[in-house]
Amino acid sequence: MTMCINKDIFVRIGAEDLLPDPETREWTTEEFLAALQAVKDANLEDVYPCVLWAANQSGDACNMSYLWGFGARFFDGSDYSRVALDSEEGYAGMEFLSKLYSDGLAVPGAGALNDDDMLAMWPKGQIAITGGYPYLETLGNTAEEAFGTYFGNYPSANLPGLPRGGGVRI
């Protein structure tokens, strides 16, 4: 699981400096939000800063990976019998996802979108950043209007004791 970034969008709007450092591929949530906001502010026709989807289970991995950057964890220790995000970190991560949506930084209608929607939009160059897997690079390279894919870690909050990248590393 990684962040897949349509690098050509950032080059087109003159914001490639907002992408994660190529040495570490890490960025903070603030840096990530700045990149998304630059895409939104560019007001490109039919281009969205990012996409979230919740209509099928594949959205779990992409959406939940944002939570780890706040230190949220599904399990406590080795007890895998219950899943809970009932913690300050889980709440912070959910608030972040809500902010992406409410600030217009994600494709509208996340509750009705699934991975097929993302997979239809990505090769059309309609999404600047999505969670996904390295095969999205092939979809970008073979798109009708091919584009470069840049990979980065999921963003992490700049919190004491939490490593940049939130432990979700490529």
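Tell me yes or no: at least one residue of region 99-106 is surrounded by fewer than 20 Cβ atoms within 10 Å (Cβ to Cβ), among the aliphatic types (A, V, I, L, M) and not in a strand (DSSP E or B).
no
Only one of (1) of a type outside the set (Lys, Arg); (2) under 22 Å from Glu137 (Cα atoms); (3) loosely packed, with under 13 Cβ neighbours inside 10 Å; (4) modelled with pLDDT of 95 or more is not met by Ile5, so which one is it?
(3)
Pick out the one residue from Gly77, Gly71, Gly104, Gly111 that is within 20 Å of Thr2 (Cα to Cα) and either out of contact with any Pro (no Cβ under 6 Å at 6 or more places or on another chain) or hydroxyl-bearing (Ser, Thr, Tyr) (or both).
When all the criteria are applied, what remains is Gly71.
Inside region 116-134, can you point out the residues that are more than 20 Å from Glu16 (Cβ to Cβ) and at pLDDT 95 or above?
Matches in region 116-134: Ala120, Met121, Pro123, Lys124.
Specify which of the listed residues (Gly90, Gly71) is crowded, with 19+ Cβ neighbours inside 10 Å, over 25 Å from Tyr135 (Cβ atoms) and at pLDDT below 90. Steps first, answer last, please.
Details: Gly90 fails: crowded, with 19+ Cβ neighbours inside 10 Å.
Residue meeting the stated conditions: Gly71.
Looking at Gly132, Gly93, Gly71, Gly140, can you tell me which residue is in contact with a helix residue (DSSP H, G or I) (Cβ under 6 Å, 6 or more places away or on another chain) and touching a residue at least 40 places away in the same chain (Cβ under 8 Å)?
Selected residue: Gly71, the only one of Gly132, Gly93, Gly71, Gly140 that is in contact with a helix residue (DSSP H, G or I) (Cβ under 6 Å, 6 or more places away or on another chain) and touching a residue at least 40 places away in the same chain (Cβ under 8 Å).
Does region 52-70 contain any residue that is touching an Asp or Glu at 6+ places or on another chain (Cβ under 9 Å) and more than 25 Å from Asp115 (Cα to Cα)?
no
For the subset of region 42-68 comprising residues that are surrounded by fewer than 18 Cβ atoms within 10 Å (Cβ to Cβ) and in contact (Cβ under 8 Å) with a residue 12 or more places away in the chain, which member is nearest to Ala110 (Cα to Cα)?
Checking each candidate, the answer is Ala54.
Report, by residue number, each residue of region 115-147 that is closer than 23 Å to Asp60 by Cα, surrounded by fewer than 17 Cβ atoms within 10 Å (Cβ to Cβ) and of a type in the set (Val, Ile, Thr).
Thr138
On the basis of being over 16 Å from the mean Cα position of the chain (by Cα), part of a helix (DSSP H, G or I) and of a type in the set (Val, Ile, Thr), does Val11 make the cut?
Spelling it out, Val11 is indeed over 16 Å from the mean Cα position of the chain (by Cα), part of a helix (DSSP H, G or I) and of a type in the set (Val, Ile, Thr).
The values are calculated or read from the model by the stated rules, or taken from the named source; none is laboratory data. Fair warning: this is a prediction, and the values are worked out from it, not measured in the lab. Using ideal geometry, Cβ is built from the backbone for each residue, glycine included, and neighbour counts are taken over all protein chains shown.
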